[in-house]
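The values are calculated or read from the model by the stated rules, or taken from the named source; none is laboratory data. Keep in mind it's a predicted model, so treat the numbers as computed, not measured. Cβ atoms come from the backbone with ideal geometry, glycine included; neighbour counts cover every protein chain shown.
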Amino acid sequence: MTQQEFPLSLITALRAATRVVVLTGAGVSAESGIPTFRDKQTGLWENFDAAELATRYAFDRDPAFVWGWYEWRRAAVQKAQPNPAHLAIATMETRVPQFTLITQNVDDLHERAGSRNILHLHGEISRPYCEGCRQSHVFPRATPKIALGGEERIEPPRCQSCGARIRPGVVWFGEALPDGAWASARESARQCDVFFCIGTSSLVQPAASLTDLAIDAGATTIQVNPDSTDIDDLVTFSLRGPAGTVLPQLVAETWNIPQ
Ligand code: OAD
């Protein structure tokens, strides 16, 4: 593993920070084997049409296809393990007085890595809920068969309380973000000293606008991504590399933690 050189001003800003916000996207879970959305060849939207899957309209038109696809992803998440990036973010939380993790990811790998103060902007795949009474439902592990495909049709189950259809616990395109999580995310982005933007293409709104809020508020902004994005020139530091390599090194160097 190559040791990355971090600018001293970055390390100094991080050590001095009392309020740190981390915004994560699909790239933080890539090294756990969960595909991102927009990466070439491996991205989910390369092989599946987002409009056919991640909208209210798609679910109404073909519920079994959409439910089957989300069950396939739920099975992939259940099989996956947190990677060194999730663990480094959890360690950071223990070193910073006020720490907020904002994630666009619907997996629970941050929780399983030990992160505590987490805002899920796009919902949670493990928490499907009833379209009628909105009650959350927990289902047993998805079958291994589902984990292999992604195109298996499965009829969504019905709510045991009210009989309405159960829907995936994620936010679809065209839907509002959860009110409380979104308000807290904006507030913390406005007030932080250091804002990280990790493993996200920064293309999806309104989540991406959090980085603008932090920049406008004068925070030190740090992007971690192996590829270039539209915000490369807007952030204070752009660290090129996989999050699972860059973050453990950064956390170790900042807080003198032996690796
Ligand atoms: P994207 O797939 O748009 O972007 C993933 C980013 O992760 C890309 O910029 C990659 O270069 C980067 N990446 C890949 N591997 C990485 C690694 N090992 N370390 C760090 N970065 C890596 O995913 P998001 O930005 O999360 O929304 O997408 C945002 C939203 O669009 C998702 O939450 C989802 C999607 O449609 C909904 O489903 C509502």
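Quick notes
- Qualifying residue in region 161-174 (condition: surrounded by 14 or more Cβ atoms within 10 Å (Cβ to Cβ), within 16 Å of the ligand (Cβ to nearest atom) and over 30 Å from Ala51 (Cα atoms)): no
- Pairs meeting the criteria (first residue in region 10-29 and more than 13 Å from Gln191 (Cα to Cα), second residue within 16 Å of the ligand (Cβ to nearest atom) and part of a strand (DSSP E or B), beta carbons under 6 Å, at least 6 apart or on different chains) are Leu10/Phe237; Leu23/Ile102; Leu23/Cys197; Thr24/Thr103; Thr24/Ile198; Val28/Ile198.
- Test result for Glu52, surrounded by 13 or more Cβ atoms within 10 Å (Cβ to Cβ), out of contact with any Lys or Arg (no Cβ under 8 Å at 6 or more places or on another chain) and either of a type in the set (A, V, I, L, M, F, W, C) or assigned to a helix (DSSP H, G or I) (or both): yes
- Every condition in (1) surrounded by 14 or more Cβ atoms within 10 Å (Cβ to Cβ); (2) modelled with pLDDT of 95 or more holds for Thr94 except the one numbered (1).
- Residues considered: Leu239, Leu203. Of these, the only one that is part of a loop (DSSP other than H, G, I, E, B) and either touching a residue at least 60 places away in the same chain (Cβ under 8 Å) or away from the ligand (no atom under 13 Å from the Cβ) (or both) is Leu203.
Residues checked against (1) under 15 Å from Val251 (Cα atoms); (2) within 12 Å of the ligand (Cβ to nearest atom); (3) under 16 Å from the mean Cα position of the chain (by Cα); (4) among the acidic types (Asp, Glu):
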{"residue": "Arg19", "(1), (2), (3), (4)": "no, no, no, no"}
{"residue": "Ala26", "(1), (2), (3), (4)": "no, yes, yes, no"}
{"residue": "Ser29", "(1), (2), (3), (4)": "no, yes, yes, no"}
{"residue": "Pro35", "(1), (2), (3), (4)": "no, yes, yes, no"}
{"residue": "Gly43", "(1), (2), (3), (4)": "no, yes, yes, no"}
{"residue": "Ala50", "(1), (2), (3), (4)": "no, yes, no, no"}
{"residue": "Ala88", "(1), (2), (3), (4)": "yes, yes, yes, no"}
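- Contact annotation: residue pairs with Cβ atoms under 9 Å, 6 or more positions apart or on different chains, pairing a residue in region 133-161 that is on the phi > 0 side of the Ramachandran plot with a partner that is at pLDDT 85 or above and not in a strand (DSSP E or B), are Gly150/Gly68; Gly150/Trp69; Gly150/Trp72; Gly150/Arg73; Gly150/Ala76.
- So Val246, is it closer than 18 Å to Glu5 by Cα, within 8 Å of the ligand (Cβ to nearest atom) and under 19 Å from the mean Cα position of the chain (by Cα): yes
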